[in-house]
Amino acid sequence: MVRLLQIMALSWVVTFLAGCEAPEEDKPIWEQVKIGDLLPIHSGKGPSEGSLKTIDFDLYVFELPAENIGVLTEIWQMLYVQPFRFDDYDAFAANSFSVGFGQIQMWDEIGGLLDAGGTKMMPTVSLLLADGQSSDVTIRSLYGEQPVFYISSGGSMKGATIGPGKLALRIKAEKIPGLRGVCNVRVHPVFSPPITSSIPQLAARAKAGELPFVSAGFRLKMSPGDFFLLGPEEYVGDQISLGSLFFSKPEGSLFFIKIKSESSPSSVRPERKPAIRVFLLVCTSIDV
């Protein structure tokens, strides 16, 4: 069974060498991410001697044209909401967040829908978390101050000034005592100011400047082969609401649009379009 890290590292190298040129033959999204073939050999079998005692995930980032957001509506209908425990579901939805749970056997159909919507895959992030450890995955870097408005727990609108720093997805994993091959996963967005000093007191002061958006948080149990897809309920391009900052890219991304014609049935043209991001977190192994 082929390991995920090897395949995705190779894909990254090929993409890097290709630069911005359109590939001669684009591979569909579901062929780029064969989750079912990429689980480690020891997944769910407990820690092996000499192996790292970690809970491992891969975070795939996709971008698709905002005009094709309807594709996500079809995908949400295929995925499950029951596994999630939300800090405040009404606030989660009001912030324009959507999430769905799936398993490896569902990926080909979901990947096919993403591909039909003109989706492209961005570099993958691999997370190796010790039991109880959290990690922040940067979603957007902020280079100056700016306002952000969000729905807090209880339904009230709140505003804050954030930046410079990063808007990130904080992911925490914990082993469930007495259950092999299952972990608790806690996820929520967070703003973190830059830590520019190694002096503990100054670093602690920067840490105190964090703004966790717990009203958009959730938790669930995951085993190797489980995944969740996190994305927007709708496209909002204002760049001052939490959902817009997290998912929207109104400045646009470059997509290769397929052109159908009798003379050149497989040609493509580059076109910049407003985009949205979606995030696919896959549990690949639990060895703790």
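Bear in mind these aren't lab numbers, they're just calculated from the coordinates by the rules spelled out. Bear in mind the structure is a predicted one, so any value in this text is a computation, not a measurement. Here the Cβ positions follow ideal geometry from the backbone for every residue, glycine too, while neighbour counts run over all protein chains shown.
Worth a mention:
- The tail of the calculated P(r) for segment 93-189, taken as Cα-Cα distances beyond 20 Å, holds 61 percent of the pairs.
- With neighbour counts taken as other beta-carbon atoms within 10 Å, the residues PHE213, PHE62 rank, fewest first, as PHE62, PHE213.
- Given R0 = 25 Å, the distance between the Cβ atoms of GLU234 and ASP87 translates into a calculated FRET efficiency of 0.75.
- Panel order for GLU210, GLU63, by other beta carbons found within 10 Å of each beta carbon, from fewest to most: GLU210, GLU63.
- Each Lys or Arg adds one and each Asp or Glu subtracts one; over the other residues with Cβ under 14 Å from the Cβ of TYR235, this totals -3.
- By the count of neighbouring beta-carbon atoms within 10 Å, fewest first, THR119, THR54, THR161 end up ordered THR161, THR54, THR119.
- Net charge over other residues, Cβ less than 14 angstrom from the Cβ of GLN82 (K, R count +1; D, E count -1): +2
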